[in-house]
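Peer 1: Once you've had a glance at the structure underneath, I'll fire off some questions.
The values are calculated or read from the model by the stated rules, or taken from the named source; none is laboratory data. Keep in mind that what you see is a predicted model, and the values were worked out from it rather than measured. Cβ atoms come from the backbone with ideal geometry, glycine included; neighbour counts cover every protein chain shown. We work out accessible area using only protein heavy atoms, side chains counted, and drop any ligands, DNA or RNA first. Shrake-Rupley method; radii C 1.70, N 1.55, O 1.52, S 1.80 Å.
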Amino acid sequence: NHILAHAPELMKPPLKQTRKKVAVVGSGPAGLAAAYYLRQAGHQITVYDRLARAGGMLAYAIPAYRLPRKLVGDQIAALEAMGIVFKLNTEIGAKGNSLRALRKAFDSVFLATGAWAQKNIRLEKSELLTSGMAFLTDKKPAVGRNVLVIGGGNVAVDAAVSARRA
């Protein structure tokens, strides 16, 4: 919080600029970290994301009671103030936005597409299950009287607490 409260002094644009342009595909934790350090090195950075808000899992999957949305927004605003450009609602690979086009337009491309893919568990009728990630990213998840969470990692605990809160 201290850094974000003092972002204009602590997260300044670099004094020396290079002529290098770098595209970062994905605005989750890896993409944001890469964008920050590449910008600190003086490069021009453009971050692309297919979603409407920057932040990836930070903005969409971690429950707000654990990571307030305002904090994520403040982080993005601080990065923008450093000169990092965010192009949201832009899917790379879609018509007109090919990886080949990015490689031509930029000196380098950093791919940080995230961990959105979910593993399937091999149980009979597993198609009836909802993944923890799908549950957490759903705006109004369907929650019955009883909820079974399979797993014990961060996503499972977040899903269990979020189900209880719902």
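Peer 1: I'm trying to understand the selection: among the residues of the range 74-100, which are in contact with a Lys or Arg (Cβ under 6 Å, 6 or more places away or on another chain) and open to solvent by 50 Å² or more (accessible area, probe 1.4 Å)?
Peer 2: Glu91
Peer 1: Regarding Leu111, is this residue over 26 Å from Pro141 (Cα atoms), open to solvent by 60 Å² or more (accessible area, probe 1.4 Å) and among the aliphatic types (A, V, I, L, M)?
Peer 2: It is true that Leu111 is over 26 Å from Pro141 (Cα atoms), open to solvent by 60 Å² or more (accessible area, probe 1.4 Å) and among the aliphatic types (A, V, I, L, M).
Peer 1: Moving to a separate point now. Could you tell me whether Ala5 is free of Cβ contacts under 8 Å to residues at least 40 places away in the same chain, aliphatic (A, V, I, L, M) and farther than 30 Å from Asp158 by Cα?
Peer 2: For Ala5, the condition - free of Cβ contacts under 8 Å to residues at least 40 places away in the same chain, aliphatic (A, V, I, L, M) and farther than 30 Å from Asp158 by Cα - is not met.
Peer 1: Would the range 17-30 turn up any residue that is in contact with a Ser or Thr (Cβ under 7 Å, 6 or more places away or on another chain), crowded, with 19+ Cβ neighbours inside 10 Å and modelled with pLDDT under 95?
Peer 2: Among the residues of the range 17-30, not one is in contact with a Ser or Thr (Cβ under 7 Å, 6 or more places away or on another chain), crowded, with 19+ Cβ neighbours inside 10 Å and modelled with pLDDT under 95, which makes the answer no.
Peer 1: Any idea which of Leu71, Leu136 is within 15 Å of the chain's Cα centre (by Cα) and open to solvent by less than 50 Å² (accessible area, probe 1.4 Å)? Even if it seems obvious, please write down each step before you answer.
Peer 2: Details: Leu71 fails: open to solvent by less than 50 Å² (accessible area, probe 1.4 Å).
Leu136 is the lone residue from the list that is within 15 Å of the chain's Cα centre (by Cα) and open to solvent by less than 50 Å² (accessible area, probe 1.4 Å).
Peer 1: Still on this structure: Out of the range 148-166, which residues are assigned to a loop (DSSP other than H, G, I, E, B) and either of a type in the set (Gly, Ala, Ser) or in contact with an Asp or Glu (Cβ under 7 Å, 6 or more places away or on another chain) (or both)?
Peer 2: Within the range 148-166, Gly151, Gly152, Gly153, Ala166 qualify.
Peer 1: Now, a different point. Considering the range 1-30 alone, what residues qualify as being assigned to a strand (DSSP E or B) and not small (Gly, Ala, Ser)? Write out each step before concluding.
Peer 2: First pass over the range 1-30, keeping only residues assigned to a strand (DSSP E or B): 21-25.
Scanning the range 1-30 gives Lys21, Val22, Val24, Val25.
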